[in-house]
Amino acid sequence: MFEPFNKINRKTFLILVGSQALVTLLLWQLTGGGLIPRPSTVMAALGRLLTTRLLLDNLLTSLLLTGQALFYSVLITLLFGYASVIPFFKPAALFLVKCRYLTLTGLIFIFTLLTRDGGQLKLSLLLFGIVPFLITSFLSIILHTPNQEFELCQTLGYNRWECLYEAIIVGKADQVFEVVRQNFAIAWMMITMVEGLNMSEGGVGALMIKYNKYNDLPHVLALQAVILGLGLGFDYLLGVLRHWLFPYTKH
Amino acid sequence: MTTYSKKEVLLRVEDVSLSYDRACILRDIRFCIRDIVRPGLQQGQVVSLVGRSGIGKTQLFRLLSGLRRPDTGSIAIRERLPVEKGDGSIELYQERMVQPGDMGVIFQNYYLFGWRTVRQSLLLAARRNKDLAGREEDAIRQYTQRFDIEDVLHRYPAQLSGGQQQRVSIIQQLLKGSDFLLLDEPFSGLDVCMLDKVVELLLQVSLSDELKTLIIVSHDIVTAVAISDTVFILGRQAGLAGSTIVREIDLMERGLAWQKGVREEKVFAETVREIKKWL
């Protein structure tokens, strides 16, 4: 268990995770206090949140926005990713990749001018944040496509468009799904940030900012726990869905 | 001695050279493969290109498959294609430069699309073959039965053994319908039992059509001689950069082609020794 590269079975691993989490919570409970709430206080706040419609309504708002953002992000990523193999479109795809170095601060006003309402503003900001990361991962997949895949296509008599369809569009579909799964965290992390920019429509981000304003840390941490739990849940679901849609990824 | 005759040129390689990073890899490669006719028999051709490791066999393999263009020279194949002439006669064959897709290519690691089941992979290839239009499924069934892999049709490549992958790879290229089958090191990494099976399989393929031509690129001289009718030796010449064909050995002339127990023959051992000297 303490040797490098040693393999442990799933059950042992789960016991390790559970016990380490328990120890951390215990230490937190025993050493916490003052301004930082103890786990028991956070749990109590979470219990209160769960008994009202407030959390559910705001969660649904956030989930809807995340879903929309992911849908459009994937669409844009696929469009630019597939087009990047055509030399004419490559500069545009590479520019999007470099956009990940840009920060939203300073650009928000421009986005406000370009959009009609708060909903559109949030969506466009999310897209701006997610797309560069998605496209970076996707272009890396395309770039690392084994040459043999293209050569097999060629030996089967495929033209270049057919090679693109078989080796990239069909052949990399499972990896697109994995990229989305890995980058879902970015969308989920950003949602709380952009919701703070337009609080009228609600959302967990808006709710958290509200609690934060009054230094209600138990509720802030309870919301963080909900966000983390949901993120892990989605990560697992997307993993299961990937194996179901692309059975060959199981082997 | 078996009666045979050499007819039309099926593949012509003329003055092919290739350099990589200004270093000459292949130089003045020149050889041709002719249709071998045996009376009363449907007999394809099995040609081996042998050479030491690092001599440029894989580069020649890529040139022959059309996946790479030579710096100079040409590689032409005889294509089965009706061409109407002005005088009303019909010529059934024409010679043209090799293109990617002209040859069935079996890579050393029997590469298959990881996201396609065996059936899907075979269907993709069968659909490229106009002669099989409407009969793709039947053709797949026949080949998979013949090669004993009908029970793995719904598996993915990752679920297949090395031998099964090799058979799927061969069937895929056969279904595509090319007269030429180019194999890169098909004997490498096989155990003795599997090696015999592969040799048997390739001989079976060579007998499937008069124009079926197997070009085996290998460094396994013994197996290559045992299975082929002609051997081309790729080697270097003193004082000259790059590899070239240093010798062509007609195994039919020596009575070594199409014989089951050929390895026991004295002349077989002599031929293997001769090839080793040229390497």
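The values are calculated or read from the model by the stated rules, or taken from the named source; none is laboratory data. None of the values given here were measured: they were computed from a predicted structure. Neighbour counts are summed over all protein chains in view; Cβ atoms, including those assigned to glycine, are modelled from backbone coordinates with ideal geometry.
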Against the condition closer than 30 Å to B:Gln108 by Cβ, in a helix (DSSP H, G or I) and not aromatic (Phe, Trp, Tyr), how does A:Cys99 come out, does it pass?
no
So which residues in region B:245-279 are out of contact with any Ser or Thr (no Cβ under 9 Å at 6 or more places or on another chain), touching a residue at least 24 places away in the same chain (Cβ under 8 Å) and not in a loop (DSSP other than H, G, I, E, B)?
B:Ile245, B:Val246, B:Arg247, B:Val262, B:Arg263, B:Phe268, B:Thr271, B:Val272, B:Glu274, B:Ile275, B:Lys276, B:Trp278
Say whether the condition of being under 15 Å from B:Gln108 (Cα atoms), of a type in the set (S, T, N, Q), modelled with pLDDT of 85 or more and not assigned by TED's automatic domain parsing to the domain that holds B:Leu11 is met by at least one residue in region B:154-164.
yes
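Return a yes/no flag: does region A:151-160 have any residue that is acidic (Asp, Glu) and within 14 Å of another protein chain (Cβ to nearest Cβ).
yes
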Evaluate the following for B:Ser206: is it modelled with pLDDT under 90 and in contact with a Gly (Cβ under 6 Å, 6 or more places away or on another chain)?
yes
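A:Asp174: among the charged types (D, E, K, R) and away from every other protein chain (no Cβ under 14 Å), yes or no?
No; evaluated as a whole, the condition is false for this residue.
Among the residues of region B:127-138, are any part of a helix (DSSP H, G or I) and either within 12 Å of chain A (Cβ to nearest Cβ) or buried (at least 21 other Cβ atoms within 10 Å of the Cβ) (or both)? Please lay out each step first, then the result.
Just the residues of region B:127-138 that are part of a helix (DSSP H, G or I), to begin with: B:130-132, B:136-138.
Next, only the ones that are either within 12 Å of chain A (Cβ to nearest Cβ) or buried (at least 21 other Cβ atoms within 10 Å of the Cβ) (or both) stay: B:130.
Yes; the residues of region B:127-138 include at least one that is part of a helix (DSSP H, G or I) and either within 12 Å of chain A (Cβ to nearest Cβ) or buried (at least 21 other Cβ atoms within 10 Å of the Cβ) (or both).
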Counting only residues in region B:78-105 that are within 14 Å of chain A (Cβ to nearest Cβ) and on the phi < 0 side of the Ramachandran plot, the one modelled with the lowest pLDDT is identified as B:Glu79
Close pairs (8 angstrom Cβ cut-off, 6 or more residues apart or separate chains): at positive phi in region A:203-228, of a type outside the set (A, V, I, L, M) and buried (at least 21 other Cβ atoms within 10 Å of the Cβ) anywhere
A:Gly203/A:Asn58; A:Gly203/A:Ser62; A:Gly203/A:Glu195
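Could you run through region A:111-140 and say how many residues are small (Gly, Ala, Ser) and within 27 Å of A:Glu178 (Cα to Cα)?
So the answer is 4.
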Matching entry among B:Leu160, B:Leu181 (being more than 27 Å from B:Trp278 (Cα to Cα), crowded, with 18+ Cβ neighbours inside 10 Å and within 14 Å of chain A (Cβ to nearest Cβ))
B:Leu160
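Just to verify a result, which residue in region B:106-120, among those that are hydrophobic (A, V, I, L, M, F, W, C) and more than 7 Å from chain A (Cβ to nearest Cβ), is nearest to the chain's Cα centre (by Cα)?
The residue in question is B:Ile106.
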